[in-house]
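Asks: One structure, as structure tokens, below. Some questions next.
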Amino acid sequence: MPLKLSVGKGEKLIVNGAVIRNDGDGTSLLFENQAHILRQKDILTQESATTPAARVYLAMQCAYLFPKNVAEHLEDFRGLLGDYLAAAPSAQPIADEIRGMVEDGQFYGALKACGHLLQHEREVLSHVQ
């Protein structure tokens, strides 16, 4: 089933590891086969991964986008998720959801579930402040 994306002026996306930026006006792209796609709003850079949950997200993002190095990225992901759980055990249900998707090879779904981990972290930190 094809995937149609509308891309605004200046918006970036990553397709199979290549960063693409729309240099013109808005456009639509139609992907007719399987591709690893991530829109700008969902991309996390190494510089912006400054919290434990963000580093978990970044490792999963790399596993999703760069399948040639998936074993290395998943090793990083597992270690970082374990560290996060040691500090915030209340995230166990989220971690179980993410791990289940990883085990099923659903890296995009796992990446989206890592967004729940980012939200969990914001909630935990809001109680500390």
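The values are calculated or read from the model by the stated rules, or taken from the named source; none is laboratory data. What you see is a predicted model, and the numbers here were worked out from it, not measured in a lab. Heads up, the Cβs are rebuilt from the backbone with ideal geometry, glycines too, and the neighbour counts pull from every protein chain shown.
Asks: Which condition breaks for Phe66 when tested against (1) surrounded by fewer than 16 Cβ atoms within 10 Å (Cβ to Cβ); (2) among the aromatic types (Phe, Trp, Tyr); (3) at pLDDT 95 or above?
Replies: (3)
Asks: While we're here: Just need a number here: residues in the range 1-42 that are surrounded by 15 or more Cβ atoms within 10 Å (Cβ to Cβ) and in contact with a His (Cβ under 8 Å, 6 or more places away or on another chain).
Replies: Summing the residues that are surrounded by 15 or more Cβ atoms within 10 Å (Cβ to Cβ) and in contact with a His (Cβ under 8 Å, 6 or more places away or on another chain) in the range 1-42 gives 2.
Asks: Taking the range 9-28 on its own, how many of its residues are at negative phi and under 21 Å from the mean Cα position of the chain (by Cα)?
Replies: Selection size over the range 9-28: 9.
For every residue, the table says whether it meets (1) of a type in the set (A, V, I, L, M); (2) free of Cβ contacts under 8 Å to residues at least 24 places away in the same chain; (3) not assigned by TED's automatic domain parsing to the domain that holds Gly109.
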residue: Ile14; (1), (2), (3): yes, no, yes
residue: Asp25; (1), (2), (3): no, yes, yes
residue: Gln34; (1), (2), (3): no, yes, yes
residue: Leu58; (1), (2), (3): yes, yes, no
residue: Glu72; (1), (2), (3): no, yes, no
residue: Glu75; (1), (2), (3): no, yes, no
residue: Gly79; (1), (2), (3): no, yes, no
residue: Tyr84; (1), (2), (3): no, no, no
residue: Ala91; (1), (2), (3): yes, no, no
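Asks: As an exercise: evaluate His120 against (1) loosely packed, with under 15 Cβ neighbours inside 10 Å; (2) over 18 Å from Ile43 (Cβ atoms); (3) not aliphatic (A, V, I, L, M) and give the number of the one condition it does not meet.
Replies: (1)
Asks: Go through (1) free of Cβ contacts under 8 Å to residues at least 60 places away in the same chain; (2) surrounded by fewer than 16 Cβ atoms within 10 Å (Cβ to Cβ) and name the single condition Thr51 misses.
Replies: Here Thr51 meets the rest and fails (1).
Asks: Follow-up question, since we're still on this one. Would you mind telling me which numbered condition in (1) within 21 Å of Ala113 (Cβ to Cβ); (2) assigned to a strand (DSSP E or B); (3) more than 18 Å from the chain's Cα centre (by Cα) Leu38 fails?
Replies: (3)
Asks: Within the set of pairs 6 or more residues apart or between chains, which connect a residue that is touching a residue at least 40 places away in the same chain (Cβ under 8 Å) and not assigned by TED's automatic domain parsing to the domain that holds Leu74 inside the range 104-129 to a residue that is surrounded by fewer than 16 Cβ atoms within 10 Å (Cβ to Cβ) and not in a helix (DSSP H, G or I) with Cβ atoms less than 6 Å apart?
Replies: Qualifying pairs under 6 Å: none.
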